[in-house]
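A quick write-up on the structure given underneath.
We did not get these values from a lab; they are worked out from the coordinates using the rules stated. Just so we're clear, the structure is a prediction, and the values are computed from it rather than from any experiment. Neighbour counts are summed over all protein chains in view; Cβ atoms, including those assigned to glycine, are modelled from backbone coordinates with ideal geometry.
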Amino acid sequence: MFSWSKSEAIVLPITLLIVIALALGVIFATRNKSEKIKLIPLMFISVLLLVLEVAKQAITLANGYTFWAIPLHFCSLFLYFFPIASFFKGKVGHFGKVMSVVCSVYFFIIFYSNPSSVIGNACSHIFLSFHTAHTFIYHHLITLFFIILLGSKLYTPKKIDYAHATLGILLYCVVAIPAAHLCKENFCNILQNEIPILESIRTSCGQIAYTLVMMLLGVGGVCLIVAAFRLLQYILKKHKKKTDFQIIMSVLKNKD
């Protein structure tokens, strides 16, 4: 954890600055536009991710396909939730936004604490192969989407988001857990875990207990992220009310 190689220490900060600059440019250009217009950049990113994934699947198939390439890893979730957040309206669209936000926060924590666990050696071999280029670009598009989504104020935390986040994790579990066992691939640490404490639960308590613990951690984690956004929303609203009150009082004092 918190281990960066020399290439990561150089490449990642520079790339993040570029991504932030692009995101701020989009946010500024669409700041006075309708939600429909604000969603267009997110639609573009969603489609681009899908195109990259189709290309990756085709190249992998041509070179000898393995079950590991099935898009059921944690970072594959953005292939599903980003389009829902971008192209759908109402409750379905909001569900996509909730899952995009909570999964992006998870992604940020994992990616920037230990980049190699997410993108391998892509920082030092970005354009040496399609795989490393895809990995590097794909994960930074996730970052770009997340910043634009929040910066454009397209996600508003709601009480129902706890249920949405829980549902999203359970839907993933329903698909990924059987697939991991059938394909014998360790999607999202379902079969075994690199974290010693969690792996000790699996070896001492058994696979079923371990799976339940992982599900609880997943649900608890996303609900905690929702709670953090709800708290931030509450603090900002209180600050705004206080600021508005101060403006009114200053106007009244000037009148006197």
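Points to keep in mind about this one:
- Averaging the Cα positions of each part gives two centres, and for segment 123-137 and segment 1-70 these lie 13 Å apart.
- Relative to the longest principal axis of the Cα atoms of the chain, helix 35-62 runs at roughly 10 degrees.
- Candidates Asn186, Asn121, Asn32, ranked by Gaussian network fluctuation over the chain, Cα under 10 Å, top entry: Asn32
- Among Phe229, Phe28, Phe187: highest mean-square fluctuation, GNM of the chain, C-alpha pairs under 10 Å: Phe28
- Remark: His73, His239, His164 ranked as His239, His73, His164, counting other beta-carbon atoms within 10 Å and listing the fewest first.
- Global geometry of segment 134-180, whether rounded, prolate or oblate, following the gyration tensor of its Cα atoms and the 1.5 cut on a/c: oblate
- Ser3 paired with Lys158, simple spin-label distance in nm, labels 7 Å along Cα-to-beta-carbon: 4.4 nm
- Remark: relative contact order (the chain) = 22 percent; criterion is Cα-Cα distance under 8 angstrom and separation of 6 or more residues.
- Correct option for Cα Rg over 2.2 N^0.38 Å [calculated from the coordinates] among (1) 0.99; (2) 1.15; (3) 1.05: (2)
- Prolate/oblate/rounded call for segment 21-116, Cα gyration tensor, a/c under 1.5 rounded: prolate
- Overall Cα dimensions of segment 86-194, principal axis frame, Å, largest first: 43, 36, 25
- Measuring against 22 Å, Cα to Cα, the residue pairs Lys158/Lys238; Lys38/Lys91; Lys159/Lys238; Lys36/Lys56 contain Lys36/Lys56 as the ones spanning a longer distance.
- Fewest-first ordering of Arg31, Arg230 by other beta carbons within 10 Å of each residue's beta carbon gives Arg31, Arg230.
- When you restrict to C-alpha pairs under 8 Å that are six or more residues apart and normalise by the size of segment 1-134, the relative contact order lands at 31 percent.
- For the chain, modelled as a GNM whose springs connect Cα atoms under 10 angstrom apart, the maximal fluctuation among Phe127, Phe78, Phe108 occurs at Phe127.
- Ordered by the count of other Cβ atoms within 10 Å of each Cβ, fewest first, Ser104, Ser3, Ser124 give Ser3, Ser124, Ser104.
- Computed from backbone phi, the HN-Hα couplings of segment 17-28 come to 4, 5, 4, 4, 4, 4, 4, 5, x, 5, 4, 5 Hz, rounded to whole numbers (Karplus: 6.51 cos²θ - 1.76 cosθ + 1.60, θ = phi - 60°; Gly and Pro given as x).
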